[in-house]
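All remarks here apply to the structure that follows.
No lab work stands behind these numbers, since they all come straight from the coordinates. Not measured: the values here are computed from a predicted model. In this analysis, Cβ positions are derived from the backbone assuming ideal geometry, glycine residues included, and neighbour counts consider all displayed protein chains.
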Amino acid sequence: MKLTPPKIFGGMLALGVLWQLLRKDSDVDALARMLISETSFDTSKHSAIEMAQIVYVALNRARKTGASLSQVVQPGGRWNGGDLYTALFGRASSNPRWAEARAFVGEVLGGAYPNMGFSGFIHPGSMPRPPCAPNRVEADTLAGRRCIPQWSIGGTVVGRGQFVA
């Protein structure tokens, strides 16, 4: 499936052009690793706008904290510390969708998709069902009753993700 970016205007295009001039290949690689780890870059399950917002969550966190994009998405740091994420992150560059994911990240960082300002997200379908661990709360989600982090309650649904500002 070919992902087609929406049309963009004004300031977003200028920010995208500026980012293209300043970005590092290591950041693009880290974001592509993160995106493959979170979605397998499976365009049959995750929409382009959902995947773009996941990339923007990392970008927004980096801006907020002053950390590099690579630092933000490293397993166990400011992102997902789970064993599965860590394993997928480590082998993401051998994924058959690696080049496509890298190109998509470049489009996102180039301003091809709007940044909705989110700083966190979950995939409710990946969250456990009740009963919940002490660090989770039971809530209705697009995937049914799940145990989710308190901070994600009331998030905005984009594709299969639940995003928070």
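The 3J(HN,Hα) values that the Karplus relation (6.51, -1.76, 1.60; θ = phi - 60°) gives for region 56-64 are, in residue order, 5, 4, 5, 4, 5, 5, 4, 4, 5 Hz. Gly and Pro appear as x.
Residue separation of Asn135 and Val157 scaled by 0.36 nm, minus their Cα-Cα distance, works out to 5.7 nm of gained length. Across the alpha-carbon set of region 10-115, the Rg to Rh ratio works out to 0.94, Rh being the Kirkwood radius. For Asp140, the shell of other residues with beta-carbons less than 15 Å away shows a net charge of +3, using +1 for Lys and Arg and -1 for Asp and Glu.
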